[in-house]
Amino acid sequence: INGRQKIKLYNQEDISIKERRRDIYWIPIIRKAVRDNDLFLVFQPVVQLNNGDVSHYEVLVRMRGENDQIITPDQFIPVAERMGLIHAIDLWVVENAIDFLAALPSYLSRISLAINLSGSAFQYPDLLQVIRDKLELTWVDAGRLTFEITETAAVDNFERTRDMIIKIRELGCKFALDDFGAGFCSFNYLKTFPVDYVKIDGQFVRNLDHNETDQILVKSMVEIAGKLGKKTIAEFVETPAIALKLKEIGVNLGQGYAFGKPERSLLDGQQVSLAILL
Ligand code: C2E
Ligand code: CA
Ligand code: CA
Ligand code: CA
């Protein structure tokens with residue numbers, strides 16, 4: 001963890017004047033987007049590899065730019081993290097995702113969502129309050145929410161993060177460890193944070209069908225997760241061949257362009273995914 005802090009500091013100092021200018025340019029745009037609801041959510045199905053059913057949808061945020069241009073999160077999430085604006089986005093996404101669930105017709109009342117939280121989200125005590133209040137207000141069942149925490153985002157305070165995760169789990173929400181294997185301290189995270197799902201990072205998945213190293217690594221991750229009583233999700237499942245390989249290895253769930261891209265509405269991924277897995 002110490003090594004990680006150093007790396008982070010180094011990066012911050014290393015950021016060039018040009019990059020800093022670009023960060024500053026984004027501040028009012030991000031503020032305005034949160035205030036004026038120029039953010040919107042898209043949904044990508046996560047599919048059970050054994051039967052092709054949609055397990056839940058991951059919620060991904062987008063920003064409306066000028067001339068109906070869509071700004072993707074890699075353009076503004078890292079800036080928001082550096083500029084202290086990420087918490088406002090995290091809360092906006094949580095509230096709007098729960099509102100989305102609340103507005104679904106009753107025949108879709110079993111749909112659940114996975115929401116990304118930044119590493120710093122847990123340093124703000126109001127996160128718990130916002131989740132609890134919103135769930136109470138909308139009568140949405142807490143079991144319909146999973147929060148994804150990424151190990152590539154710097155988690156500043158392990159203890160506080162862990163405490164917060166435990167409290168949010170007590171509400172009935174679930175947790176997933178995102179981008180597993182991509183960071184410096186995968187095992188540390190797995191040991192420290194009580195999660196229900198391990199999301200295998202896409203870099204181990206996208207070439208899985210013809211890369212033996214990836215296959216060995218994914219097999220070990222599945223074994224470790226299984227022994228710890230956690231379910232595995234593979235992201236970046238781009239082809240049917242990869243989906244079948246993952247199924248063969250014993251990965252529980254898959255997400256990626258092979259099953260469906262992130263969309264404005266809940267697509268019926270069911271048919272698509274079944275066809276691929278048969
Ligand atoms: P992530 O959580 O790892 O999300 C997966 C990213 O991979 C998404 O990009 C998704 O569109 C993309 N993806 C999904 N399937 C495939 C595939 O088969 N192939 C390829 N090549 N890519 C695929 P997106 O939506 O641009 O999000 C990028 C990152 O931004 C996310 O990575 C997450 O770290 C962050 N992010 C997105 N939405 C939110 C949010 O609401 N809050 C926070 N804090 N971060 C978010
Ligand atoms: Ca994610
Ligand atoms: Ca991920
Ligand atoms: Ca990622």
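Among Asn67, Asn211, Asn37, the largest mean-square fluctuation in a Gaussian network model of the chain (Cα springs under 10 Å) belongs to Asn67.
Scan the chain and hand back the longest stretch that contains none of the chymotrypsin sites (Phe, Trp or Tyr not before Pro) lying in DSSP loops with at most 15 other Cβ atoms within 10 Å. Longest site-free region, per DSSP loop and neighbour criteria: 1-138.
Classification of the chain by its C-alpha gyration tensor yields a rounded form. The axis ratio a/c (a ≥ b ≥ c) stays under 1.5.
Backbone phi angles across region 124-135, fed through the Karplus curve with coefficients 6.51, -1.76 and 1.60 (θ = phi - 60°), yield HN-Hα couplings of 9, x, 6, 4, 4, 4, 5, 5, 4, 4, 5, 5 Hz in residue order; Gly and Pro are listed as x. What the phi angles of region 99-110 give under the Karplus curve with 6.51, -1.76 and 1.60, with θ = phi - 60°, is a coupling list of 4, 4, 4, 5, 8, 5, x, 4, 6, 10, 6, 9 Hz, glycine and proline written as x. Can you pull the percent of the chain's accessible area that's carbon plus sulfur, 1.4 Å probe, other chains left in place? C and S atoms contribute 51 percent here. Bridgeable lysines around Lys174 (alpha carbons under 30 Å apart, same-chain partners fewer than 8 residues away excluded): Lys8, Lys134, Lys191, Lys199, Lys219, Lys227, Lys230, Lys231, Lys245, Lys247, Lys261.
Solvent-accessible area of Lys134, all protein chains in place: 30 Å² (probe radius 1.4 Å, heavy atoms, ligands and nucleic acids excluded). Amide hydrogen proximity for Glu151: with H placed 1.01 Å from N in the peptide plane, the residues at 5 or more positions away or on another chain lying under 5 Å are Asp178. For the chain, what does the relative contact order come out to in percent, with C-alpha contacts under 8 Å and a separation of six or more? Computed over the chain, the figure is 19 percent. Backbone geometry of region 247-254 corresponds, through the Karplus equation with coefficients 6.51, -1.76 and 1.60 at θ = phi - 60°, to 3J(HN,Hα) couplings of 4, 4, 5, x, 5, 6, 10, x Hz, x marking Gly and Pro. Amide H to amide H, with H built 1.01 Å from N, Glu263 comes under 5 Å of Phe43, Gln44, counting only residues 5 or more places away or on other chains.
Quick one: net charge of Tyr57's neighbours, Cβ under 11 Å, K/R +1, D/E -1? Here the charged neighbours net out to -1.
Assuming charge only on the beta carbon of Lys and Arg (+1) and of Asp and Glu (-1), the dipole of region 212-254 about its Cα centre is about 260 debye to the nearest 20.
Largest accessible area first, the listed residues Lys230, Lys167, Lys199 line up as Lys167, Lys230, Lys199 when surface is computed with a 1.4 Å probe on the assembled protein chains.
Taking the Cα centre of region 143-278 as origin and assigning +1 to Lys and Arg Cβ atoms and -1 to Asp and Glu Cβ atoms, the resulting dipole is close to 400 debye. Under 5 Å between amide hydrogens, built in the peptide plane, is the criterion, and for Lys174 it picks out Leu145, Thr146, Phe147 among residues at least 5 positions away or on other chains.
The values are calculated or read from the model by the stated rules, or taken from the named source; none is laboratory data. Because the structure is a prediction, the values reported are computed rather than measured. For neighbour counting, all protein chains shown are included, and Cβ atoms are generated from backbone atoms with ideal geometry for every residue, glycine included. These area figures cover heavy atoms from the full protein model, side chains too; ligands, DNA and RNA do not enter into them. Shrake-Rupley method; radii C 1.70, N 1.55, O 1.52, S 1.80 Å.
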